[in-house]
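Structure first, then comments.
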């Protein structure tokens, strides 16, 4: 904004000189032309400013506003040919040329652009299906992707006709300045001849047809990479993250359905998010710097408890979403521990022995927050309402001294859930807040977002869960603990017993 201030000061000084007569028409050809060309005195046009300043001013505007400025100013019209932020999507283009379709608008703009000075090129076709426009893509990219470009985003429409991203536009040094590359719904087949992407720090591939070997070619020349996101790249079966990616700190691999092997050798990853619905062999190497781990996987709890503490010893935050777990899992008191773990979030999608999760609490002496989400709606269970509350399993001798906040979502009348909750209450001297949510966690009429609560999948079971909470925990909550019981709305979900 310093240059804008300079322009403002120059303009004020020019007007001052004009009004006090210190500047004559002979001293400024621009003033002679602009102020007295037709015999009428006009304001200062600013055309004696350097081209760099005009280009900088234009670069501060959105594409839509820059186009409007170019229509009313010759100076901006010249600078338009070097406009740096070419962002084409439904938001930026719709208000402009209503008589043109999306691809014609893009083509119209790029034909008037010199290709010089482009920093950002974003093309979002997600709202438009125009296969005939794909033939222009190569030419558009050749205009925009030139030395000096920093950010490239290409979002193609979801359809059967897959568009290929032309890798050759990144060769000959054109890709050496790119630090952000984001491709969606296209094919991308880099080879060893691609060239060095020495500045690439962010790579995001979403629904991209690329093999593991082709991705390896890309990573082999991306030594500056810091963030890697792969989502629904279905052709990747094996993923290897090499050790030379020393700066890679964030990695996300989501729903790559054919992926069977992940081998991570990059030593400085701090955060890793991984989602799959199949069995995948995961090797995290010596991930000593990994502090945040999120995994959605098949039968994950046993692996997480037995192996993760030794693989990622410095973990501070762990989120697990596990499928197809063994129902009657044993309590695993393995010697390895999560010495630095402070946040634990576990989501289980089937019926399970929740009391066995005590092993995670025992293994995490620094744990402060524990969240359990139960994503299964069981058959109505009645035995707890009549059972002797003294006949519950206990595990004495284990204190969770740092545990302060606990939340159990979709709490229901499961004996093992009651046993887990009782254990936490009896062995967590620092506990401040315990939340037992018996609902589906959706919005309620009391929040003012709707006249009625969202449909509750199991109102009868939710009501029974409240009765169980009252029976087993009433009068047993320490005065230092705040108990929050989230019940279903009595107005919207009345239950007849």
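Bear in mind these aren't lab numbers, they're just calculated from the coordinates by the rules spelled out. As the structure is a prediction and not an experimental result, all values here were calculated from the model. Note: ideal-geometry Cβ built from the backbone for every residue, glycine included; neighbour counts use all protein chains shown.
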TODO: Alpha carbons only, please: Rg and Dmax for segment 146-188, in angstrom.
DONE: 11.4, 34
Task: Binned Cα-Cα distance frequencies in segment 105-220 - 5 Å width, integer % - done: 2, 11, 23, 26, 21, 12, 4, 0
- [ ] On a C-alpha basis, how far is the centre of segment 174-207 from the centre of segment 272-290 in Å? Whole number, if you could?
- [x] 23 Å
- [ ] Between residue 303 and residue 391, take the C-beta separation as r, use R0 = 30 Å, and let me know the FRET efficiency to the nearest 0.05.
- [x] 0.40
- [ ] Provide the packing ranking of 394-402, 428-436, i.e. peptides ordered by the mean count of other C-beta atoms within 10 Å per residue, highest first.
- [x] 428-436, 394-402
- [ ] Out of all DSSP beta bridges with both ends in segment 164-215, state the antiparallel percent to the nearest 5.
- [x] 0 percent
Task: Within segment 344-365, backbone nitrogen closer than 20 Å to the virtual label 7 Å beyond the Cα of residue 317 toward Cβ - done: 344-348, 361, 364-365
- [ ] Output the peptides 352-359, 254-261 sorted from most to least packed, where packing is the average of other Cβ atoms within 10 Å over each peptide's residues.
- [x] 352-359, 254-261
Open item on the list: I need the calculated FRET efficiency for the pair residue 108 and residue 162, taking r as the beta carbon distance and R₀ as 35 Å, to the nearest 0.05.
Closed with: 0.85
